[in-house]
1. Scan 182, 199, 219 and give me the residue that is within 22 Å of residue 262 (Cβ to Cβ) and polar (S, T, N, Q).
2. Can you run down the residue pairs with Cβ atoms below 8 Å, 6 or more apart or on separate chains, where the first is in the stretch 303-332 and more than 21 Å from residue 368 (Cα to Cα) and at pLDDT 90 or above and the partner is surrounded by fewer than 23 Cβ atoms within 10 Å (Cβ to Cβ) and of a type in the set (S, T, N, Q)?
3. Is one or more of the residues making up the stretch 202-222 under 25 Å from residue 337 (Cα atoms), of a type in the set (S, T, N, Q) and over 20 Å from the mean Cα position of the chain (by Cα)?
4. Sort out which residues of the stretch 73-91 are over 15 Å from residue 323 (Cβ atoms) and in contact with a helix residue (DSSP H, G or I) (Cβ under 6 Å, 6 or more places away or on another chain), and write them in order of number.
5. Out of the residues in the stretch 174-185 that are of a type outside the set (Val, Ile, Thr) and out of contact with any strand residue (DSSP E or B) (no Cβ under 7 Å at 6 or more places or on another chain), which is surrounded by the most Cβ atoms within 10 Å (Cβ to Cβ)?
6. Assuming residue 196 fulfils every condition listed in (1) surrounded by 17 or more Cβ atoms within 10 Å (Cβ to Cβ); (2) farther than 19 Å from residue 277 by Cα apart from one, which condition is it?
7. Quick check on my filter: what residues within the stretch 146-167 are crowded, with 24+ Cβ neighbours inside 10 Å and closer than 27 Å to residue 349 by Cα?
8. Checking the condition open to solvent by less than 10 Å² (accessible area, probe 1.4 Å), of a type outside the set (Phe, Trp, Tyr) and within 19 Å of the chain's Cα centre (by Cα), which residue from 368, 339, 316, 344 passes?
Amino acid sequence: MKKLWSVLLVMIMASSLLAACGGSTNKSNEAKPSSSAGASGTAAPDNSDLIKDGIGTDFGFGPIGHDMEGLVKRMGAKAEGLKIGISVSTQENDWMVEWVKSLKKMCETNGLECIVTDAQGKPEKQVEDLKSLQNQNVDGIILFPQEEKSLVQVLGQLEGKIPVVPTIPIDGAKVAAYIDVNQQLKGELGATALKAAFNGEQGNILVFDLVGRVDFAINRIEGFTRAVEKIPNLKIVETQSYGTAEEYLSATKNILASREDINAIYTPYGVSMVAAAQALKQMNRKDVKIVGVDGDVVILGLVKEGWITGTNPQSPQQNGSIGLFTLLRLINGENVQSPVWEPPAYAALWATPENAEDFSMKLWGRAPVSAN
């Protein structure tokens, strides 16, 4: 069982580290890091008059907010014979597998040809993959990057030739448009959940950061911290940074043993969340509440069992859908303001023990995993 758990932690780490302009196809836009999301840290702007509540495909959490079928019909002859390139960083985790699967299905449904390349976790291969897609005369590329810095040069070479839409920001890259996520909002969701869980009682919080000060973690923690400062009975009493699941697990045990006042943990991504929850299981400490971001089958299993109080799962289906919708608008010569933000209804997803199984079935098509 220990071996199984180690494998699951590796899967979580791979998934969590993957898993945030104006103009038509002849304009480019230098993608900014996720810190550009939401100037106030509370709400991302609605940059598209075509993003509307109540329309589009429902991936299980309400309509996505854009009408892909209507766009294809509006394109008319331009949509005929379109060839879409899909460049993925890896398919060794659930999130990326579902991302590719849903994109292929959307292309098929709308009569679009698609070519998928898999970088297999190798930055240099993804550079070659993008060149290969260009040589195969694709009309546009949807990109989920393996390593952002390595792609800046090749994206510059593609600028003005093929519209490329990364579905997360790539700092310094010139692209036609990119998808972004309000990371600070994701942090605020955790604070709101702890406020409800403590119901006026004192909550003393341990925050787990990520070694290297990764951008998405910085913004999630910043959003969480700002929200906590506005809640009188919540207080961050300690912050620690680690890099591996083993370090987070050991630190959780040691810190809780030495700090009896700590009764809550905030983690900005899946590796630290799973490790902290596993530590609580080993210590039999359900009195400590954990909230964070990410939600694959292992995390949702821990939520269902009550070791994690709540989490913000991220939908690969909506990420791919908004990427394809944006790319088709560019190909159609429409003006697209960038960044294009994750739909609000999907940005604020929140899994709890009561709905964790439902989330797992909708996101991954299978029940959550129980790991001992």
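The values are calculated or read from the model by the stated rules, or taken from the named source; none is laboratory data. Remember, predicted model here, so these are calculated numbers, not experimental data. Note that we place each Cβ from the backbone using ideal geometry, even for glycine, and neighbour counts take in every protein chain shown. SASA here: full protein model, heavy atoms, side chains in, ligands and nucleic acids out. Shrake-Rupley method; radii C 1.70, N 1.55, O 1.52, S 1.80 Å.
1. Values: 182 fails: within 22 Å of residue 262 (Cβ to Cβ); 219 fails: within 22 Å of residue 262 (Cβ to Cβ).
After applying the criteria, what remains is 199.
2. Close Cβ pairs (under 8 Å, with a partner that is surrounded by fewer than 23 Cβ atoms within 10 Å (Cβ to Cβ) and of a type in the set (S, T, N, Q)) amount to 320/102; 321/57; 321/102; 330/24; 330/25; 331/25.
3. no
4. Once the filter is applied, which keeps residues that are over 15 Å from residue 323 (Cβ atoms) and in contact with a helix residue (DSSP H, G or I) (Cβ under 6 Å, 6 or more places away or on another chain), the stretch 73-91 yields 79, 90, 91.
5. Just the residues of the stretch 174-185 that are of a type outside the set (Val, Ile, Thr), to begin with: 174, 176-178, 180, 182-185.
Of the ones still in play, those that are also out of contact with any strand residue (DSSP E or B) (no Cβ under 7 Å at 6 or more places or on another chain) are 183-185.
Details: 183: 29, 184: 27, 185: 24.
That would be 183.
6. If we test residue 196 against (1) surrounded by 17 or more Cβ atoms within 10 Å (Cβ to Cβ); (2) farther than 19 Å from residue 277 by Cα, just (1) comes out false.
7. 165, 166, 167
8. Matching residue, one of 368, 339, 316, 344: 316.
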